[in-house]
Amino acid sequence: MLAEYAASPATNWKSKDAAIYLVLALTVKGKTASHGATSTNEFVNIQDFFGMQILPELQPPISAGQPILKADAIKFVTTFRSLLPKETLLAVFPLLVALLASEYNVVHSYAAIAIEKLLSVKDMGQTRLTPADLQSQLAVLFERLFAGFKLPESSENEYLMRAVTRVIGFVGPAVAPVAPVALQELARMLLEVCKNPRNPGFNHYLFESVAALIRHVGSGNPTMIDTFEQLLFPAFNHVLQQDVQEFHPYVFQVFSQLIELRTPPLPAVYLQIFPPLLHPQFWERSGNVPALVRLLQAYLAKAPAEVVSGGHLVAVLGVFQKLLASKAHDHEGFLILGSVVDNLPLTAYEQYLPTIFTLLFSRLQQSRTHKFVRSFMAFLAQFIIKHGPPVTLTSVDKVQPGVFMMLLQQVWLPNLLTLDGANEVKMALVASGKCLTELPPLQADAQTWTSLKEAAYKKLGGKDALAAGPVSPLEEEVDFEEAQGYTAAYAKLSNAAPTPKPVLPEIPDVKVYLDAALASVGAPR
């Protein structure tokens with residue numbers, strides 16, 4: 001078949017097309033979606049076949065030759081990407097960038113797929129190509145990618161947009177020189193798709209690209225935040241004013257990103273947006289809830305005084321009450337409550353605490369679940385650590401005298417050993433230590449005091465009780481082979497994920513803390 005093609009390339013191109021597919025079929029022995037071919041037939045020399053039959057099809061001019069054969073050649077590279085040496089990938093990459101300009105949809109789409117896949121190839125956990133390898137051609141790469149959206153049938157090409165997202169994430173802060181142009185293009189497309197959403201996959205990666213730019217450029221250059229807001233807000237306003245429901249979770253997540261990067265005080269435009277976010281219509285849609293909760297947390301962190309002075313705290317607590325009543329969303333209600341405790345002075349919400357604790361106790365009695373108990377204990381630990389055991393006891397006992405000690409005996413003690421997750425275990429143990437050493441009613445109850453001390457040390461000695469938490473998204477690049485992408489329920493943006501904050505960094509070793517706390521009151525270990 002290859003001989004037939006060589007004799008008359010113009011008329012016998014189908015013979016080479018069949019030959020390439022035959023080689024692919026006979027060569028690949030093992031294959032995965034994330035790595036391509038992982039093992040091959042030992043009788044086929046991939047590198048030789050690539051050099052003699054594949055490389056010529058990839059070389060310029062892009063208008064010459066049969067587009068199907070160019071697509072075949074790109075597919076060959078994509079399939080064997082993990083098995084081709086770095087030198088070959090470096091040689092092929094600029095050819096793929098050039099092929100993005102092909103007028104044929106199949107060619108520029110395959111080229112975009114190949115670029116995305118090549119950037120995901122890893123050796124020993126590290127990408128085979130590096131941001132430095134792309135630096136010299138970064139401007140041309142983005143120019144070709146964005147020009148691709150103007151080609152026939154590609155105005156909403158998901159493969160091109162996935163490649164844009166991957167490249168931004170791959171080069172990270174090095175994208176800064178081309179960020180203004182990229183942002184302008186993304187903002188223009190965003191405004192267009194907001195008027196008539198059609199392609200969920202394309203839309204998802206469009207928002208992922210925006211989030212990736214904010215993550216890698218905005219965090220290191222605060223002055224760029226104004227530019228992001230200026231270009232993105234027209235599209236966001238359209239989404240909210242025209243009630244484009246499928247885009248609400250995306251817009252809320254990007255708003256959260258921008259607010260979290262802001263230094264207080266927030267611009268007036270954010271404060272104007274806040275009251276409508278508390279409207280029940282947004283919270284009725286389950287897919288909005290995680291993004292809205294994150295957004296409320298951002299407001300409470302960056303504009304706590306404005307939330308209180310604007311008279312919005314009651315509405316915020318109303319959202320908490322609504323979420324608490326849902327077994328699906330109660331843990332997100334606790335996130336809001338935790339942000340209130342973290343960011344507001346006790347005087348701002350002290351008057352509401354009896355009602356809050358009454359609601360919590362009602363759930364504990366009527367429809368307790370393991371998830372709810374974990375969330376409740378995490379919140380109680382947070383409150384104890386922030387305000388101290390005596391204040392906590394006083395606040396809780398306003399519901400009914402003696403309730404706090406009853407909680408320790410009937411809820412805290414039985415569930416302390418069942419907690420998992422480094423952060424919640426650490427907080428629970430530190431809160432236990434504070435109760436043991438700072439709460440006279442507990443110290444007067446020798447049996448409960450001893451039981452809590454023994455439970456704390458038993459939990460402390462458990463295997464992996466304080467294992468390291470998840471890696472920060474700033475430390476590990478998003479793996480788009482593993483990310484779920486668009487889902488109808490909740491379209492989570494991987495690049496918009498918040499940076500995890502260390503829990504109680506002032507207490508690096510809980511055992512040392514617990515030993516010292518007990519020693520300070522003369523209690524035995």
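Work out the FRET efficiency for His238 and Ala176 from their Cβ-Cβ distance, taking R0 = 22 Å, and round it to the nearest 0.05. Spell out each step's value before the answer.
Details: r = 28 Å, r/R0 = 1.27.
My answer for the efficiency is 0.20.
Charge dipole (Cα centre; +1 on Lys/Arg Cβ, -1 on Asp/Glu Cβ; no other charges) of region 216-358 amounts to roughly 100 debye.
Counting only helical runs of four or more DSSP H residues, what would the 222 nm mean residue ellipticity of the chain come to if each run contributes -39,500 (n - 2.57) and the total is spread over all its residues?
Values: 30 runs with 324 residues, N = 525.
Taking each H run of at least 4 residues, the total per residue is -18500 deg cm²/dmol.
So which trypsin sites (Lys or Arg not before Pro) in region 135-236 end up in coil per DSSP with only 11 or fewer other C-beta atoms within 10 Å? Answer by residue number: Lys150, Arg198. Taking the Cα centre of the chain as origin and assigning +1 to Lys and Arg Cβ atoms and -1 to Asp and Glu Cβ atoms, the resulting dipole is close to 880 debye. Remark: region 1-130 carries a charge dipole of roughly 300 debye about the Cα centre, counting +1 on each Lys and Arg Cβ and -1 on each Asp and Glu Cβ. Rounded to the nearest 10 degrees, the inclination of helix 370-387 to the longest alpha-carbon principal axis of the chain is 60 degrees. Rounded if a/c is under 1.5, else prolate if a/b is larger than b/c, else oblate: which is region 207-277, with a ≥ b ≥ c the root eigenvalues of its Cα gyration tensor? Oblate is the answer for region 207-277, as a/c is 1.5 or above yet b/c matches or exceeds a/b.
Extension gain Ser219-Lys31, at 0.36 nm per residue separation less the Cα-Cα distance, in nm?
63.9 nm
Let me check against my output: what whole-number percent is the relative contact order of the chain, with C-alpha pairs under 8 Å and at least 6 apart? After rounding, I find 10 percent. Using a probe of 1.4 angstrom and keeping all protein chains present, the accessible surface of the chain works out to 44 square angstrom per residue.
The largest-to-smallest principal axis extents of the Cα set in region 58-118 are 28, 17, 16 Å. Highest-first packing order for the peptide set 419-426, 2-9 is 419-426, 2-9, based on the mean count of other beta carbon atoms within 10 Å.
Taking 0.36 nm per intervening residue step and subtracting the Cα-Cα distance, what contour gain separates Ala10 from Phe43 on full extension? Show your work: numbers first, answer last.
Details: separation 33, 0.36 × 33 = 11.88 nm, distance 3.00 nm.
Once the chain is fully extended between Ala10 and Phe43, it gains 8.9 nm.
Each of [x] 149; [y] 168; [z] 189 is a candidate for volume of the Cα convex hull per residue in Å³; the one calculated from this structure is [y]. In whole percent, how big is the carbon plus sulfur part of the accessible area of region 222-349, probe 1.4 Å, protein atoms only? For region 222-349, the apolar C and S fraction of the accessible surface comes to 56 percent.
Along the axis of the charge dipole computed for region 172-227 (Cβ charges of +1 for Lys and Arg, -1 for Asp and Glu, origin at the Cα centre), the listed residues Pro200, Pro180, Asn221 are led at the positive end by Pro200. Overall, the accessible surface of region 4-128 at a probe of 1.4 angstrom is composed of carbon and sulfur to the extent of 58 percent. Helix 13-27 and the longest principal axis of the C-alpha atoms of the chain enclose an angle of approximately 50°.
Relative to the longest principal axis of the Cα atoms of the chain, the long axis of helix 289-302 lies at roughly 70 degrees. In vacuum, with every alpha carbon of region 1-146 counted as one equal point scatterer, what does the Debye formula give for log10 I(q)/I(0) at q = 0.14, 0.19 Å⁻¹? Two decimals, please. Values, matching the q order: -0.66, -1.20.
Counting alpha carbon pairs within less than 8 Å and at least 6 residues apart, what relative contact order, in whole percent, applies to region 241-393? Write down the numbers at each step before the final one.
Working: 104 pairs, mean separation 31.1, N = 153.
Dividing the mean separation by the residue count of region 241-393 yields 20 percent.
Using only the Cα atoms of region 268-427, construct the convex hull and provide its projected area averaged over every direction, in square nanometres to one decimal. Walk me through the numbers on the way to the answer.
Details: hull surface 37.5 nm².
It is 9.4 nm².
Multiplying the residue separation of Gln443 and Leu24 by 0.36 nm and subtracting their alpha-carbon distance yields 143.4 nm.
Projecting the Cα positions of Thr79, Val44, Trp449 onto the charge dipole of the chain (unit charges on Cβ atoms of Lys, Arg, Asp and Glu, taken about the Cα centre) puts Trp449 furthest along the positive direction. Along its principal axes, region 206-362 has C-alpha extents of 46, 31, 25 angstrom, given from the largest down.
Tell me, what is the FRET efficiency for Val512 and Val269 to the nearest 0.05, using R0 = 51 angstrom and their Cβ-Cβ distance as r? Display every interim value, and only then the final one.
Numbers: r = 47 Å, r/R0 = 0.92.
The formula returns an efficiency of 0.60 here.
Near Lys31, the amide H atoms lying under 5 Å from its own belong to Thr38; only residues 5 or more places off or on other chains count, and H is placed 1.01 Å from N.
The values are calculated or read from the model by the stated rules, or taken from the named source; none is laboratory data. Fair warning: this is a prediction, and the values are worked out from it, not measured in the lab. When we count neighbours, we look across all protein chains shown, and the Cβ atoms used for this are built from the backbone with ideal geometry, even at glycine. The protein model used for the area step is the full one, side chains on, heavy atoms only, and it has no ligands, DNA or RNA in it. Shrake-Rupley method; radii C 1.70, N 1.55, O 1.52, S 1.80 Å.
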